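Some notes on the structure that comes next.
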Amino acid sequence: MAVEYKDYYKLLEVPRTASQEDISRAFKKLARKYHPDLNPGDPKAEAKFKEINEAYEVLKDPEKRKLYDSLGPNWKEGQNFQPPPGFENVRFHSTGFGESGLGGSGFSDFFEMFFGAPGFDVGGAGFRDGAFGGQFGARRARGQDAEVPLTLTLEEAYRGGPKTITVQERQVGPDGRRHFAPRTLNVTIPAGVKDGAKIRLAGQGEPGVGGGPAGDLYLRVELAPHPVFKVAGNDVIYDLRLAPWEAVLGTSVRVPTLEGEVDLKVPPGISSGQKIRIPGRGLGTKGQRGDQLVRVMIRSPKNLSARERSLWEELARTSTFSPRT
């Protein structure tokens, strides 16, 4: 029985001497590129995603990798590898999981022949072969973690609290084929959560195989653009427009915050670009909440009446202020 050899190192684009860290990094990079959620309706991307998952399933496991490396010199892609005598007696019995927990549509014949696909039991009396140094048997595997973006308004991120979201997940239909279906989840947003933060939902990721536990689902926070505020780290920035005389003489104005409007005292002599701090009105959690920074933007009048122009000209003649010294 001839089985086509699969070059797992080539699939992950790493040399055979790659470290476990190199293999992990390569897998994550390729998984992001070919993930079906990011390539909907693209069968080539889904097939590639399946292949790199299969390769990683072997190369991430030192024992499986050692077994794989022991296959000998026939490693070039496209060659047919002839298993040693006795492999024809190895029987695979489906336990109802026709697909891997990694999102593909099952492992290749090559993988199943030598490693046993997750969700499959190897029948017989427990085949052992000294050349390959391993006992072939059923494997219980935890489902893979998944990550999806979660878009929040700045107000939602600041306040936190319950939120209902809908995610698209792959499910196995009655025909054994995977398809996308919506799933509704109720989550609690931590107050002050920042852009790029991840919220972990334990056990909500890819289902396990062979009776293994499900993986986790991570919600990656993405803050939607805000019409009023900007965000810099933990701080929220608001641009306050002032007339020249307000900046010179000082004033009191009402400014918006994420908790409603507050009265703000502007000291006299403030310059454009200077900031006034409102403590504790930014993002962040656990005693690390940022502030709201009110950034002064001085605006000059353009359409002057004759009287206004005369007053500005008089001020220019009499003032001793020099902005460039």
Fewest-first ordering of Arg142, Arg324, Arg281 by Cβ atoms within 10 Å yields Arg324, Arg142, Arg281
Region 165-252, relative contact order in percent, only Cα pairs under 8 angstrom and at least six apart counted: 17 percent
Give the calculated FRET efficiency between Ala47 and Val228 to the nearest 0.05, with a Förster radius of 35 Å applied to their Cβ-Cβ distance. 0.15
Residues other than Lys163 with Cβ under 13 Å of its Cβ, Lys/Arg counted +1 and Asp/Glu -1, net out at -1
With r as the distance between the Cβ atoms of Arg295 and Glu147 and R0 = 30 Å, compute the FRET efficiency 1/(1 + (r/R0)^6) and round to 0.05. 0.30
Mean separation of Cα contacts under 8 Å, 6 or more apart, over the residue count of region 1-63: relative contact order %: 38 percent
Compute the FRET efficiency between Lys275 and Asp61 as 1/(1 + (r/R0)^6), taking r as their Cβ-Cβ distance and R0 = 56 Å, and round to the nearest 0.05. 0.55
Compute from the Cα atoms of region 229-318 the Rg and the Dmax, the latter being the longest Cα-Cα distance, and quote both in angstrom. 16.5, 57
Surrounding net charge for Glu246, when Lys and Arg each add one and Asp and Glu each subtract one, Cβ distance under 14 Å: +4
Between Val231 and residues 5 or more places away or on another chain, the pairs with built amide H atoms under 5 Å apart involve Ile237
What does the charge count around Val231 come to, taking other residues whose C-beta lies under 11 Å from its C-beta (Lys +1, Arg +1, Asp -1, Glu -1)? 0
For His226, His35, ascending order of other Cβ atoms within 10 Å (fewest first) is His226, His35
What distance in nm separates the simple spin-label points at Arg220 and Glu155, each placed 7 Å from Cα in the Cβ direction? 2.7 nm
Given labels modelled 7 Å from the Cα in the Cβ direction, how far is it in nm from Leu185 to Ser310? 7.0 nm
Can you tell me how much longer the chain between Lys33 and Arg241 gets when fully stretched, taken as 0.36 nm per residue apart minus their C-alpha distance, in nm with one decimal? 70.4 nm
Starting at the first residue of region 216-231, write each ³J(HN,Hα) from the Karplus equation 6.51 cos²θ - 1.76 cosθ + 1.60 with θ = phi - 60°, in whole Hz, x for Gly and Pro. 9, 10, 10, 9, 8, 6, 10, 7, 6, x, 10, x, 10, 9, 10, 10
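No lab work stands behind these numbers, since they all come straight from the coordinates. Because the structure is a prediction, the values reported are computed rather than measured. FYI the Cβ positions are ideal-geometry reconstructions off the backbone, even for glycines, and counts take in every protein chain you see.
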